[in-house]
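Contents: one structure, followed by commentary.
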Amino acid sequence: MVLRKLRWLVAVVAALAAGPSVSAATIIQVQEVGGSFSQSYTLATLPTSFNTTNFTNVQITVTTSSGTGAQTNHTLSTTLNAQAGTGFTAGSGLTVTVTESGFLNSNPDSAGFFVGNVGTTAAFAFTSNTGTAKLASTAGTTNLGPTEAKATPFSAGSAAFVDPAPVSPNVSSIPDAFSIQQVIDFRVAFITQTNASFTAGVSNSVFTETPAVPAPPALLLALAAVPALGLRRVLGKKA
């Protein structure tokens, strides 16, 4: 009986130490502009590459810190790579919406920063990428964007959502659990060669402030010293 209770106690302690499990949910929606392709994926079902009406070898990469558990800083990045397809039409594009709802904040209800960047590159093409981002919770929503970056065959473009970065927090309260949604609105104005290729991306970071530990009031410091002073007097009398 004692051994059975000991095993039960060990199991309970192990469960408490492990804490609650969190299942991060990442949804990737792809919509072609100027074509008929429309598909929704999760990280588990996202293919290595796929083709659409206007594009070939489309690759989407999502990097998230949601699986690291509760932290004071989190990141979410989405990258789109593609090439012009045989049926490419000028002005076509892809809209990629990534929603990650598994972020946990180790410093809940504190003020913080929500920032990010948008970028695009092109080979033998003229492209543009408009990125938007949204931090959402039950307490409210903070929107960034739209922010646009353009690229030519000879140069890449990038832009910050908040430039210059804020000195003071731009989010008044970041809860213990929140989601980030990123949207890449990618367009190809025209291509100069059939083997044209493109890259578009958006990246966001969320930082929560660590509250300063207030210094003890002078009265508490004085009271904390009273027992020591009294003990010193007693020891002095005995001596």
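The values are calculated or read from the model by the stated rules, or taken from the named source; none is laboratory data. Just so it is clear, the model here is predicted, and its values are computed rather than measured. No Cβ is skipped: glycine too gets one built from the backbone with ideal geometry, and neighbour counts run over all protein chains shown. SASA here: full protein model, heavy atoms, side chains in, ligands and nucleic acids out. Shrake-Rupley method; radii C 1.70, N 1.55, O 1.52, S 1.80 Å.
Okay, here's what the table says:
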| item | result |
| --- | --- |
| Pairs, first in contact (Cβ under 8 Å) with a residue 40 or more places away in the chain in region 88-110, second basic (K, R) and open to solvent by 40 Å² or more (accessible area, probe 1.4 Å), C-beta under 9 Å, six or more apart | G91/R187; S92/R187; G93/R187; L94/R187; T99/K134 |
| Answer from G145, G87, G91 - the residue that is within 23 Å of S66 (Cα to Cα) and either touching a Ser or Thr at 6+ places or on another chain (Cβ under 7 Å) or assigned to a loop (DSSP other than H, G, I, E, B) (or both) | G145 |
| Test result for T95, farther than 21 Å from V202 by Cα and open to solvent by 20 Å² or more (accessible area, probe 1.4 Å) | no |
| Residue list for region 135-157, filter: closer than 27 Å to A111 by Cβ, in contact (Cβ under 8 Å) with a residue 12 or more places away in the chain and open to solvent by 60 Å² or more (accessible area, probe 1.4 Å) | T138, A139, P146 |
| Pair list, Cβ under 7 Å, 6 or more apart: region 163-179 residue over 12 Å from T142 (Cβ atoms), other residue assigned to a loop (DSSP other than H, G, I, E, B) | D176/P108 |
| Test: P169 is assigned to a loop (DSSP other than H, G, I, E, B), crowded, with 16+ Cβ neighbours inside 10 Å and not charged (D, E, K, R) | yes |
| Some residue of region 201-214 being closer than 30 Å to F124 by Cβ, open to solvent by 50 Å² or more (accessible area, probe 1.4 Å) and in contact with a strand residue (DSSP E or B) (Cβ under 6 Å, 6 or more places away or on another chain) | no |
| Given (1) surrounded by 14 or more Cβ atoms within 10 Å (Cβ to Cβ); (2) modelled with pLDDT of 95 or more, number of the condition S49 does not satisfy | (1) |
| Every residue from region 98-111 that is out of contact with any helix residue (DSSP H, G or I) (no Cβ under 7 Å at 6 or more places or on another chain) and surrounded by 18 or more Cβ atoms within 10 Å (Cβ to Cβ) | V98, L104, N105, N107, S110 |
| Breaking point among (1) surrounded by fewer than 21 Cβ atoms within 10 Å (Cβ to Cβ); (2) touching a residue at least 60 places away in the same chain (Cβ under 8 Å), for F114 | (1) |
| Options Q39, Q29; residue that is at pLDDT 95 or above, more than 20 Å from A84 (Cβ to Cβ) and open to solvent by 70 Å² or more (accessible area, probe 1.4 Å) | Q29 |
| Region 52-66: number of residues that are open to solvent by less than 60 Å² (accessible area, probe 1.4 Å) and either within 24 Å of L104 (Cα to Cα) or in a strand (DSSP E or B) (or both) | 9 |
| So T63, is it modelled with pLDDT of 95 or more, farther than 28 Å from I174 by Cβ and of a type outside the set (A, V, I, L, M, F, W, C) | no |
| Those residues of region 117-134 which are assigned to a strand (DSSP E or B) and open to solvent by 50 Å² or more (accessible area, probe 1.4 Å), in sequence order | N117, T121, F126, K134 |
| Those residues of region 172-190 which are open to solvent by less than 50 Å² (accessible area, probe 1.4 Å), touching a Gly at 6+ places or on another chain (Cβ under 8 Å) and aromatic (F, W, Y), in sequence order | F186 |
